[in-house]
Amino acid sequence: MATSPATARPPAALPAALGGLIAMAAGVGIGRFVYTPILPPMIEALGLSKSEAGLIASSNFLGYLLGALLAATPWLPGPRRAWLLGALAASALTTGGMGLTTSLAPFLAMRFAGGMASALVLILASALVLERLAEAGRPRLSAVHFAGVGSGIAVSALAVALLLMAGQSWQSLWLTSGALSLAATIAVVLLIPDRPEPARPAGRQQRPAAAGSLPRLIGAYGLFGFGYVITATFLVTIVRTTPEIRPLEPVIWVVFGLSAAPSVAVWARIANRVGIQTSFAVACLVEAAGVLASVVWPSTAGVFLAAILVGGTFMGLTALGLVRARGLAAGDPHRTLALMTGAFGTGQIVGPAFAGMLYDRLGSLTVPSFTAAGALVLAAILVRR
């Protein structure tokens, strides 16, 4: 069928990149990570144990895993943009809905649904936006797209801090976060307009560029998911429960998000010099140092170092892993990206529940954090083999 000139015109690159940034900010930066700064006042108000807090986080990550598997389905009906907008709306509603209950079961259900929505947003927004940037000849704007996660973390952390200073309840924090996500969804509708989607390649098998490279990368990606998530879930809780650094609670998650925002561009530049695999391995080691700093150096310098090192690497590692996976996959990379996200999600499911259980038994996150740092070191070794 002939393509009309309007259809053939390359998509506008900057609006697409900004739409990707806002989608990632809402669906991932807020939808997944706003739980961390809201968790301490929730624990105090509801008397949640650390095991329950970890279980709620793991429920979100289980939903994330299943959402990734759903996105891997080649028969996902309808256009990807419609699924993306639906996932953004679901993320906003489940985020706001957390402020309308006080029971564990509804918390688990809403965080599970929100996790599914986050995975769909990450995979579908990345597939759509990176495809449109490639068509427009502006692939470097992908750094703008991936900066959305850190931007969402920083904006939501600032909103939470201001609301807490104003004496607002933990319910208000969830409701405000949901409202921010809903407003972002409207912006994505405008910035990523509907257009005919190109036919996906059919009958082309995906195969790794080198034997064993893709399975090792998927394994390392799963270890990375486990390695970063304990600190990412409990960092603000560590600050609140340590009297010497408790005054830093309003700012520490903002620092985490601000460190994440430019991290993709920084690690992409490093990858251009030393290669993706080497930069992935180095980032894993840097992140391991940040994870350890959060528990072995309970001071202002230590917790800021943890926020900067973990915040400044986790999205860089996410992007490096996905870019490398796209390079190793022949044909449509959609399924490979979903498998990577699934491995990542598996690591995330185990991490918070494991950490919360040991926290309740041992009274600290030292052992879980050392385990997480070991997983990151193993990921660095695995990806460099």
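The values are calculated or read from the model by the stated rules, or taken from the named source; none is laboratory data. Since we're looking at a predicted model, the values are computed, not measured. Note that we place each Cβ from the backbone using ideal geometry, even for glycine, and neighbour counts take in every protein chain shown.
Quick notes on this one:
Every residue, every condition in (1) over 30 Å from Glu131 (Cβ atoms); (2) more than 19 Å from the chain's Cα centre (by Cα), yes or no:
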{"position": "Leu292", "(1), (2)": "yes, yes"}
{"position": "Leu309", "(1), (2)": "yes, no"}
{"position": "Ala319", "(1), (2)": "no, no"}
{"position": "Gln348", "(1), (2)": "no, no"}
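- Residues in region 41-54 that are in contact with a Ser or Thr (Cβ under 9 Å, 6 or more places away or on another chain) and surrounded by fewer than 23 Cβ atoms within 10 Å (Cβ to Cβ): 5 in all.
- Test: residue in region 277-294 that is over 15 Å from Leu309 (Cα atoms) and out of contact with any His (no Cβ under 8 Å at 6 or more places or on another chain): yes
- Set Gly152, Gly167: member being modelled with pLDDT of 90 or more, buried (at least 18 other Cβ atoms within 10 Å of the Cβ) and of a type outside the set (S, T, N, Q): Gly152
- Qualifying residue in region 116-124 (condition: more than 16 Å from the chain's Cα centre (by Cα), aliphatic (A, V, I, L, M) and modelled with pLDDT under 95): no
- Output for region 294-319, where each listed residue is β-branched (Val, Ile, Thr) and farther than 15 Å from Arg246 by Cα: Val296, Ile308, Val310, Thr313, Thr318
For every residue, the table says whether it meets (1) at pLDDT below 85; (2) β-branched (Val, Ile, Thr); (3) under 18 Å from Gly152 (Cβ atoms).
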site: Ile238; (1), (2), (3): no, yes, no
site: Thr241; (1), (2), (3): yes, yes, no
site: Glu244; (1), (2), (3): no, no, no
site: Val251; (1), (2), (3): no, yes, yes
site: Gly257; (1), (2), (3): no, no, yes
site: Ala261; (1), (2), (3): yes, no, yes
site: Ala268; (1), (2), (3): no, no, no
site: Ala271; (1), (2), (3): no, no, no
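- Summed over region 359-381, residues that are within 18 Å of Ala232 (Cα to Cα), at pLDDT 85 or above and surrounded by fewer than 21 Cβ atoms within 10 Å (Cβ to Cβ) total 6.
One line per residue, one yes/no per condition, for (1) over 17 Å from Val189 (Cα atoms); (2) assigned to a helix (DSSP H, G or I); (3) among the aromatic types (Phe, Trp, Tyr):
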{"residue": "Ala87", "(1), (2), (3)": "no, yes, no"}
{"residue": "Thr94", "(1), (2), (3)": "yes, yes, no"}
{"residue": "Gly99", "(1), (2), (3)": "yes, yes, no"}
{"residue": "Pro106", "(1), (2), (3)": "yes, yes, no"}
{"residue": "Gly114", "(1), (2), (3)": "yes, yes, no"}
{"residue": "Ala117", "(1), (2), (3)": "no, yes, no"}
{"residue": "Leu120", "(1), (2), (3)": "no, yes, no"}
{"residue": "Ala125", "(1), (2), (3)": "no, yes, no"}
{"residue": "Gly137", "(1), (2), (3)": "yes, no, no"}
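- Among the candidates Gly78, Gly67, Gly54, residue that is at pLDDT below 90 and either out of contact with any helix residue (DSSP H, G or I) (no Cβ under 7 Å at 6 or more places or on another chain) or among the acidic types (Asp, Glu) (or both): Gly78
- Filter pass, Ser169 being closer than 22 Å to Pro352 by Cβ and out of contact with any helix residue (DSSP H, G or I) (no Cβ under 6 Å at 6 or more places or on another chain): no
- When Ala68, Ala105, Ala109 are checked against the criterion of being crowded, with 18+ Cβ neighbours inside 10 Å and not basic (Lys, Arg), Ala68 stands alone in meeting it.
- Leading residue by the ranking (farthest from Arg32 (Cα to Cα)) among those in region 77-96 that are hydrophobic (A, V, I, L, M, F, W, C) and touching a Leu at 6+ places or on another chain (Cβ under 7 Å): Trp83
Table: residues versus (1) of a type in the set (Asp, Glu); (2) at pLDDT 85 or above.
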site: Gly275; (1), (2): no, yes
site: Phe280; (1), (2): no, yes
site: Glu287; (1), (2): yes, yes
site: Ala293; (1), (2): no, yes
site: Ser299; (1), (2): no, yes
site: Val310; (1), (2): no, yes
site: His334; (1), (2): no, no
site: Gly345; (1), (2): no, no
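- Qualifying residues in region 131-149 (those that are of a type outside the set (Gly, Ala, Ser) and within 29 Å of Ser59 (Cα to Cα)) - the one surrounded by the most Cβ atoms within 10 Å (Cβ to Cβ): Phe146
- Residue pairs whose Cβ atoms lie under 7 Å apart, sitting 6 or more positions apart in sequence or on different chains, and linking a residue in region 89-115 that is touching a residue at least 24 places away in the same chain (Cβ under 8 Å) to a partner that is not in a helix (DSSP H, G or I), are Ser91/Gly31; Thr95/Gly31; Thr95/Val34; Phe107/Thr101; Gly114/Gly31.
- Test for Arg384: is it at pLDDT below 85, among the basic types (Lys, Arg) and under 19 Å from Ala288 (Cβ atoms): yes
- Residue in region 59-78 that is among the polar types (S, T, N, Q) and without any contact (Cβ under 8 Å) to a residue 24 or more places away in the chain present: yes
- Taking (1) among the polar types (S, T, N, Q); (2) crowded, with 24+ Cβ neighbours inside 10 Å; (3) farther than 24 Å from Leu108 by Cα in turn, Thr341 satisfies each apart from (3).
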